[in-house]
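Note sheet for the following structure.
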Amino acid sequence: MAKFTGFYKSGKKSKTKKRAAGARDWALKIVVLTFVLSLITSVLSQVAVGGSDILIAAMLLIFMIITSIIFDVVGVSVTSCSLCRIQKGNDTDGDVNYVASVLIANAEKVNNICADVIGDICGVMSGACGASIVSAISDALGTDPLLPSILVSAVIASVTVGGKALCKKIAVRNSESIVMFTARRLNSLIRLFKRKRK
């Protein structure tokens, strides 16, 4: 009995170590991925928005805010939805159910990518668009850019946070539908890539 208890404890410790190592590896990958994507996004945003028309900057800003909110909704939905609800679903496509199950099984990672990585990238782009709008406003009015900068930053932050707060309740209540919709879209992309490889 004592040997069995010792074996059980050692097995439990090894599993805990593997999980901790896996979490560290994932955190390191996310740090590198976020750094590279943010760097690329910063350069692209400066090229795309720098010196552009205020209308283009405003449209791009709205697109970035909506994208950030949508991916936040996906992240919240995946963490809120249970695997049992998906398995009991009536979707006849087994591939879609499999993709949905993978999303839920990796809920923490999916939420990390959707809410943090993509959210931060959208934040970088929103900041660049905001800077372009501030520059256009200050040039048009001939005023110091400090006040427009404060106002534009406040509007961007309030709309983004408010939109996410409003949609979180929707994401929790409709988590199964949102997860299945996301799984269908991902499955369509997977099939498309498979066809191109052939």
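The range 160-187 and the range 109-149 have their alpha-carbon centroids 24 Å apart.
Estimate the FRET efficiency between Phe63 and Cys84 by the formula 1/(1 + (r/R0)^6), using the beta-carbon distance for r and 35 Å for R0, to the nearest 0.05. For R0 = 35 Å, the calculated efficiency reads 0.45. In plain terms, the chain from Val117 to Arg184 could stretch by 21.9 nm, reckoned as 0.36 nm per residue minus the Cα-Cα distance.
Note on Leu147 and Phe35: with the Förster distance fixed at 25 Å, the Cβ-Cβ geometry gives a FRET efficiency of about 0.15. Think of the range 16-197 as a dipole: +1 on every Lys or Arg Cβ, -1 on every Asp or Glu Cβ, centred on the Cα centre; then among Ser80, Ile56, Ala165, Ser80 lies furthest on the positive end.
Coordinate-derived values only; no laboratory data. Since the model is a prediction, treat every value here as computed from it, not as a measurement. Here Cβ is always computed from backbone atoms with ideal geometry, including for glycine, and neighbour counts include all displayed protein chains.
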